[in-house]
Amino acid sequence: MEKCEKHSHSAREALAELIEQSTGQSVAKCYQCAKCSAGCPLAEDMDIPPSRLLHMVQLGLPEFDEKALKSLTIWLCLACETCSARCPKEVEIPKIMDFLRQESLRRGLAHAQAKNIISFHRAFLDSIQYLGRLFEPGMIADYKARNPRSAMQDVLTAPRLFLKGKLSPFPHAVKDRKHIARIFERAAKKEKR
Amino acid sequence: MKFGYYPGCSLSGTAREFDESLKALASAVDLQLEEIPDWNCCGSTAAHNLSHLLSLALPARVLALAEQHGLNEILAPCSACYSRLINARHQLMADEELRKEVNDLIEMNFTGSAKVLNVLEALFKVFADESTVKVVKPFDHKVACYSGCLLVRPAKVVNFDRPEDPQAMDDLIRKFGATPIDWPHKVECCGAGLTMARTDLVCKLSQKIIESAEKRGAEAIVVACPMCHANLDMRRADIEAFAGKKYSIPVIYITQAIGLAMGLGEKQLGLNRHLVPVVFPEKTKAAPAAPEAQPAQKAEE
């Protein structure tokens, strides 16, 4: 999951081709009806609406590929699948978004404002890597350590949840933690390309 | 009837009452839930955001474990878990090479023999036989059935209910005396995975849902997803601060609503664990002053 910056710029394939290889999704199918942008619950908060993001990737030009990978859009996408449910060309945009996020991290291009979002995902995966299951208090502490500015967030809600029995002070772990650790290790090795 | 059971992480933490109410219901209708031994997290939003392989391998381990224990149908009550399991299963069944790669990664043999059910599918199976629908105290309330995104999408993978205007939850809860309202926010996203990192956006999306349900006269929002519940219930104070107004509508799990109709106790159903008190306007008498701290209602049996 660490950044890999070994790509030589000239030999790099167009993003559209990488998307197709990895997800089976062809961005060429999109005819820009913009139903995805109309239905996306967060389109107005994105820097580039989903249909335009697809258009940028369709162009196949390195500068637009890079813009797509640098966008905030790919990190705000909730994968709620509204776009793909409504797409008349059946383009599975959430799969494309998943790929773009991962490619953006591989190339070290993630948007500065996505830092919180990425560190939340990392804190979440950390918990699973070590315990096999999510330990909410641990994950939140991990997230806050990565984002000191969020230290005070939810400090009033947490005790209420604790009193309601919704936050356990003790982590649940799988028995075969080594197995989970091995899966993480081997997946990371395979994805480092 | 017996299902393999995949509680997932939420149901042993912030969504404990979903687990409690489901199990209370199961014992009331003679449904056996066999927990998958040593299950792990499905990877949730984090895995599919950061690692394609993990987003397949983590659910594949769960499904392979279920297969090892001879479980053919697995109930995954959390919509997010359900979505990850069923999507991974779908992708792995469609692509033999990928299946080999993932099986090699998890050092197990996933074959796809175990099917994954969401909580509505499972409840429909349970209550297909009308004699099991034992209504002691009809849940006589106007409710906004909120499916959220992951229970019905992607339609081709889930293959259950209508993706834009789902009816399953409405049909189910009608059997127990409730009156579902028509409203436009049934499948609008609550903001789910951004709850910590972008609370501002979650408030914006969740407020629309709460406002819409309340405006149309619903007395409760009924959910089947711990993420939806967390955002609409636990985030209520943030949502009210964002909206600059108060909302009193409670958010309950479908299992809790059915449990109440079947005469199960409020505590048994975990209704005391919500941050928004579960109180309904009185039908005949004047509405009681809503108590802030504890719901004053007792289960009348």
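Values quoted throughout were computed directly from the atomic coordinates according to the rules given, and no laboratory measurement underlies them. Keep in mind it's a predicted model, so treat the numbers as computed, not measured. Neighbour counts run over all protein chains shown; Cβ positions are idealised from the backbone, glycine included.
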With the dipole of region B:193-254 defined by +1 on each Lys or Arg Cβ and -1 on each Asp or Glu Cβ, the option from B:Ser248, B:Ile209, B:Ile221 whose Cα lies farthest towards the positive pole is B:Ile209
Estimated dipole of region B:135-273 in Debye, rounded to 20 [Cβ of Lys and Arg +1, of Asp and Glu -1, Cα centre]
140
Average partner chain C-beta neighbours within 10 Å, per residue of A:77-89?
6
Any number yet on Rg/Rh for region A:126-193, C-alpha, Kirkwood?
1.09
Two-decimal ratio, chain B, of alpha-carbon radius of gyration to 2.2 N^0.38 Å
1.00
Could you work out [θ]222 nm for chain A from helices alone, using -39500 (n - 2.57) per DSSP H run of at least four and dividing by all its residues? Round to the nearest 500 deg cm²/dmol.
-16000 deg cm²/dmol
How do A:Trp75, B:Trp183 rank when sorted from fewest to most other Cβ atoms within 10 Å of their own Cβ?
B:Trp183, A:Trp75
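Using the C-alpha gyration tensor of region A:15-110, what are the square roots of 5 times its eigenvalues, in whole angstrom, with the largest one first?
18, 15, 12
Just want the ordering: A:Arg122, B:Arg61, A:Arg86, from fewest to most Cβ atoms lying within 10 Å of their own Cβ. Display every interim value, and only then the final one.
Details: A:Arg122 19, B:Arg61 30, A:Arg86 15.
Going from sparsest to densest Cβ surroundings: A:Arg86, A:Arg122, B:Arg61.
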Cleavage-rule hits (chymotrypsin sites (Phe, Trp or Tyr not before Pro)) in region A:118-160: DSSP loop, at most 14 neighbouring Cβ within 10 angstrom
none
If you build the Cα gyration tensor of the protein assembly as shown and take the root of 5 times each eigenvalue, what three semi-axes come out, in whole angstrom, biggest first?
37, 25, 22
Quick one: putting +1 on the C-beta of Lys and Arg, -1 on the C-beta of Asp and Glu, what dipole do you get for chain A around its Cα centre, in Debye to the nearest 20?
740
How large is the dipole of region A:126-193 about the Cα centre if only Lys and Arg carry +1 and Asp and Glu carry -1, each at its Cβ, rounded to the nearest 20 debye?
300
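Per the helix-only calculation at 222 nm, which mean residue ellipticity applies to chain B, given -39500 (n - 2.57) for every DSSP H run of n ≥ 4 and division by its residues, nearest 500 deg cm²/dmol?
-11500 deg cm²/dmol
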Extreme residue, positive dipole direction of region A:129-193, given options A:Ile183, A:His172, A:Leu161 (C-beta unit charges):
A:Ile183
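Could you tell me the relative contact order of chain A? Use alpha-carbon pairs under 8 Å, at least six residues apart, and round to a whole percent.
For chain A, the relative contact order is 21 percent.
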Could you tell me which helices of chain A pass both thresholds, a Cα extent of 27 Å or more along their own axis and a mean Kyte-Doolittle hydropathy of at least 1.6, with helices taken as whole DSSP H runs?
none
When Cβ neighbours within 10 Å are restricted to other protein chains, what is their mean count per residue of peptide A:57-69?
0
Give the dimensionless ratio obtained when the Cα radius of gyration of region A:53-181 is divided by 2.2 N^0.38 Å.
1.31
Most exposed to least, judged by fewest other Cβ atoms within 10 Å, A:Cys87, B:Cys41 sort to A:Cys87, B:Cys41
